[in-house]
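Inspection log for the structure reproduced underneath, given as structure tokens.
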Ligand SMILES: [Mn+2]
């Protein structure tokens with residue numbers, strides 16, 4: 001098993017960047033299919049999707065266009081079944097038409113004029129959010145949406161979150177290919193962290209190693225705040241100060257997500273910073289490993305997230321693990337993953353409690369355990385998080401390269 005694991009790592013490293021090229025990540029046909037699909041939800045009006053103002057494009061805009069240019073605006077016309085993109089510079093007009101299949105490319109200065117022409121046809125204006133859009137807090141107050149609202153007070157703004165959530169939750173074959181690459185890069189970055197971690201380093205150094213490795217392999221860096229708690233910091237699942245000097249004997253619970261072509265992969269690895277599990281750390285790793293494996297054996301189309309726990313409880317009980325006694329928690333499909341680490345959901349649930357899992361969904365398998373002393377202070381813990389794809393008959397672990405067993409982790413950590 002160990003030999004096979006090392007061989008896989010070696011092959012993956014040698015293959016390097018070869019799996020995907022850069023540039024327009026999907027075919028124009030894929031973007032067009034997404035917009036056409038959305039049109040069925042807006043037969044009586046138009047959708048306005050705003051691009052971001054900054055460097056990284058927002059997720060919905062990238063999903064429907066692949067266009068990175070800041071300050072762009074997309075209109076999807078559900079009545080005429082066509083799309084129009086407004087760009088602040090028309091220099092890339094030809095390329096944008098070719099790469100996106102968008103029917104009309106216009107300068108941003110013409111947007112209000114075009115909206116005036118819609119004014120006679122409909123009062124239904126659909127926008128993503130306010131619940132799930134990356135810019136959800138600002139979307140209704142931002143120009144040009146604010147300008148549009150002020151200029152056309154009779155427009156009724158309707159929420160597209162559920163329609164977009166349903167689409168984005170089911171990944172296409174092309175998206176799955178990109179997510180496999182995001183997973184490969186993120187997994188290798190976690191392996192590099194394991195190789196280089198040692199007592200005396202600061203938590204932030206591990207975050208820096210991860211980011212550097214993701215970028216070196218063609219990714220965009222951290223997809224979310226790096227959470228690298230060590231020793232006493234592990235009580236806080238959102239700890240991202242990463243300012244502590246790690247000491248001999250500490251467990252580190254590194255929760256870091258890599259991004260590649262805007263797609264994210266969420267992975268957590270728990271390891272002893274000195275490279276050797278002590279007796280208690282061994283026990284916790286074995287328990288969480290068994291629970292996480294059981295979760296993946298249960299994930300399948302048709303099951304609800306909240307029903308996973310009961311089945312897992314029975315599976316691990318056969319191995320002598322009592323989930324309640326050991327204090328294991330988060331035994332469910334924790335959240336969706338895609339263009340956002342905590343991705344949009346098909347049901348408006350932030351966490352997929354009652355949503356039925358379907359092929360093409362990408363979710364996390366993320367059980368944790370924390371041990372408290374008699375005063376309630378956390379003294380040890382473990383957390384394993386994989387990003388998995390729901391398949392026709394079960395699931396596939398996209399982050400399979402990450403070492404999980406004690407033997408695998410100690411071996412990698414010995415390769416200084
Ligand atoms: Mn997560």
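The values are calculated or read from the model by the stated rules, or taken from the named source; none is laboratory data. Everything numeric in this text was worked out from a predicted model, so none of it was measured. Cβ atoms come from the backbone with ideal geometry, glycine included; neighbour counts cover every protein chain shown.
Worth pointing out:
- Any chance residue 152 is at pLDDT below 95, in contact with a strand residue (DSSP E or B) (Cβ under 6 Å, 6 or more places away or on another chain) and not assigned by TED's automatic domain parsing to the domain that holds residue 260: no
- Lone qualifier among 337, 288 - being under 24 Å from residue 349 (Cβ atoms), in the same structural domain as residue 389 (by TED's automatic domain parsing), in contact with a strand residue (DSSP E or B) (Cβ under 8 Å, 6 or more places away or on another chain) and buried (at least 22 other Cβ atoms within 10 Å of the Cβ): 337
- Of all residues making up segment 189-215, the number that are touching a strand residue (DSSP E or B) at 6+ places or on another chain (Cβ under 9 Å) and part of a loop (DSSP other than H, G, I, E, B): 4
- Subset of segment 101-114 (residues that are loosely packed, with under 13 Cβ neighbours inside 10 Å and without any contact (Cβ under 8 Å) to a residue 24 or more places away in the chain): 107, 109, 113
- Entirely in segment 10-100, the strands (runs of 3 or more DSSP E) that have 3 or more residues that are crowded, with 21+ Cβ neighbours inside 10 Å, in contact with a strand residue (DSSP E or B) (Cβ under 8 Å, 6 or more places away or on another chain) and modelled with pLDDT under 95: 46-50
- When residue 243 is tested against the conditions (1) more than 28 Å from residue 181 (Cα to Cα); (2) in contact (Cβ under 8 Å) with a residue 24 or more places away in the chain; (3) more than 16 Å from the ligand (Cβ to nearest atom); (4) not in a loop (DSSP other than H, G, I, E, B), the lone failure is (4).
- Taken as a whole, segment 342-350 holds no residue that is buried (at least 22 other Cβ atoms within 10 Å of the Cβ), more than 28 Å from residue 56 (Cα to Cα) and touching a helix residue (DSSP H, G or I) at 6+ places or on another chain (Cβ under 8 Å).
- Tallying residues that are closer than 13 Å to residue 396 by Cβ and within 16 Å of the ligand (Cβ to nearest atom) within segment 347-362 yields 2.
- Selection status of residue 351, touching a strand residue (DSSP E or B) at 6+ places or on another chain (Cβ under 9 Å) and modelled with pLDDT of 95 or more: no
- Any hit, segment 216-233, residues being in contact (Cβ under 8 Å) with a residue 12 or more places away in the chain, surrounded by 24 or more Cβ atoms within 10 Å (Cβ to Cβ) and part of a helix (DSSP H, G or I): no
- Meets criteria (within 14 Å of the ligand (Cβ to nearest atom) and either in contact (Cβ under 8 Å) with a residue 60 or more places away in the chain or in a strand (DSSP E or B) (or both)) for residue 344: no
- Residue tally, condition assigned to a loop (DSSP other than H, G, I, E, B), within 16 Å of the ligand (Cβ to nearest atom) and either surrounded by fewer than 22 Cβ atoms within 10 Å (Cβ to Cβ) or not assigned by TED's automatic domain parsing to the domain that holds residue 281 (or both), over segment 363-398: 0
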